[in-house]
1. Distances in nm, one decimal, shortest first, from residue B:17 to the same residue in every other copy, taking the label point 7 angstrom along Cα→Cβ.
2. Using a 10 Å cut-off around each Cβ of peptide A:125-137, what is the average number of partner chain Cβ atoms that fall inside?
3. Alpha carbon centre of the stretch B:184-213 versus the stretch A:157-213: separation in Å?
4. State the volume of the convex hull built on the alpha-carbon positions of the stretch B:12-138, expressed per residue in Å³ and rounded to an integer.
5. Counting only helical runs of four or more DSSP H residues, what would the 222 nm mean residue ellipticity of the protein assembly as shown come to if each run contributes -39,500 (n - 2.57) and the total is spread over all its residues?
6. Where in the stretch B:104-138 is the amide nitrogen less than 16 Å from a point lying 7 Å along the Cα-to-Cβ axis of residue B:41?
7. What are the label-to-label distances in nm, one decimal and shortest first, from residue A:239 to the same spot in the other copies, with labels 7 Å along Cα to Cβ?
8. What translational diffusion coefficient, in µm²/s and rounded to a whole number, does the Stokes-Einstein relation yield for the stretch A:71-203 at 25 °C and a viscosity of 0.890 mPa s, taking the hydrodynamic radius as the Kirkwood radius over Cα pairs?
DNA sequence: CGAGGGTTTGAATTAGATCAACTCTCGTGG
DNA sequence: CCACGAGAGTTGATCTAATTCAAACCCTCG
């Protein structure tokens, strides 16, 4: 047992006790001491659906760690065309911008809670604890891999393949989204469309078709059960036979 | 003047002298001492166009620093559909995979030279020199921003907007690609198509149209001059007026 | 000069978008 | 309890940007 540290540094900080994201976020991969330092510079914030806590183009003053709820990451064109570059779930770390301004907006699509860290303070902490920086590099690398996968989807997959890929990737998020075997979609058809580079109508038709083909069932429009995972995986990988 | 280091650690390593990428790569942001350590674990490799030095799915045993030439980063679907997720230019750092296998292939499209680092050795160096890790996080963050921009392009931009965006991004790569005011394309129409989520024919027609509209001139099929940068920027940003 | 990549151009086709109507769900308030 | 309204979702008819199919047309290099 290690007793080099003062009493008050044993165990996690009070504010982190009972945090829904503790087990799944960057916080899980660092020691109590680092966690105390992190907690000391964090502000916990709650927000309602629709709240936009990062705005594309604004100065990138903060980092965020999402501890509850789901957000969408949005890029806009001047005429209103919208691309969702990703969704942030419980445990996700947001705001990794090197440049001085954010490259996307982040909007709550459910009631959310997050820890907000001033950029400068976190920067200082990172310099002090290389393990933290290391962990962030891992996070960034993983996101990069996901981004490349999404480019493949947007550039080369059909609507069916996109929807199948999306449902499987949601299903793989074991830490959220599920209720029993069912996936509870936190996002609307419009969000799905803007994430998959399709229109609302095409998403709706495609979901309807997967349902008719009995690859999925859709008890409610926001609830989806994967009935034939193998079939969906073939589809998502680009092996969809006929039509 | 700093003379804490042994004589042989003053100045850059011999192998880095005259390296075309010295000024533009990660190497530029570290000290001579780190550079010597890096050089000690590096193998310099030359390869011809077509050579595939990273293969999607293979164990990720090495990192690469490209010092000459251009590569394409490729993801494939089983039926041969291809998405190029990016191009690597002189100075670019490749192979940032956390997982045990590469998420894409990398293929030379020009004669290339690169430094190859065994993953384990570099990992050890990173632990020793946090500045290096920090630099890599910066690199990864920048790539992430670029990836998000590319998702917007693939998901929501028209063919004209995609080609205009691509030409401008090439033009911004001041460290390569240019001969005078002209851009010398290192890649084929097929590569452009697979990067932009289009077909060869659409790329060709779109370039022809931009030429007819006098936004660009195309003295040879691999050479492009931007005539109306502002017009192209409007287009790329999604402000393209009529048709 | 002829062969083989890469590129261009034209005509026909189509996946998905657009336009338009209708339905479902759910919360509010009379 | 039911009428109402608003937002989200579905479904159908039509349209179109980009693809596909097809046929030249370069260059470059042996």
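1. 6.4
2. 4
3. The distance from the Cα centre of the stretch B:184-213 to that of the stretch A:157-213 comes to 32 Å.
4. Spread over its residues, the Cα hull of the stretch B:12-138 gives 98 Å³ apiece.
5. After summing the helix terms and dividing by the residues of the protein assembly as shown, the value is -12000 deg cm²/dmol.
6. B:115-137
7. Values, ascending and in nm: 4.9.
8. The calculation lands on 148 µm²/s.
FYI, it's all coordinate maths here, none of it is from the lab. It should be emphasised that the depicted structure is a prediction, and the values quoted were computed from it without experimental measurement. Counting neighbours? That spans all protein chains shown, and the Cβs are built from the backbone with ideal geometry, glycine included.
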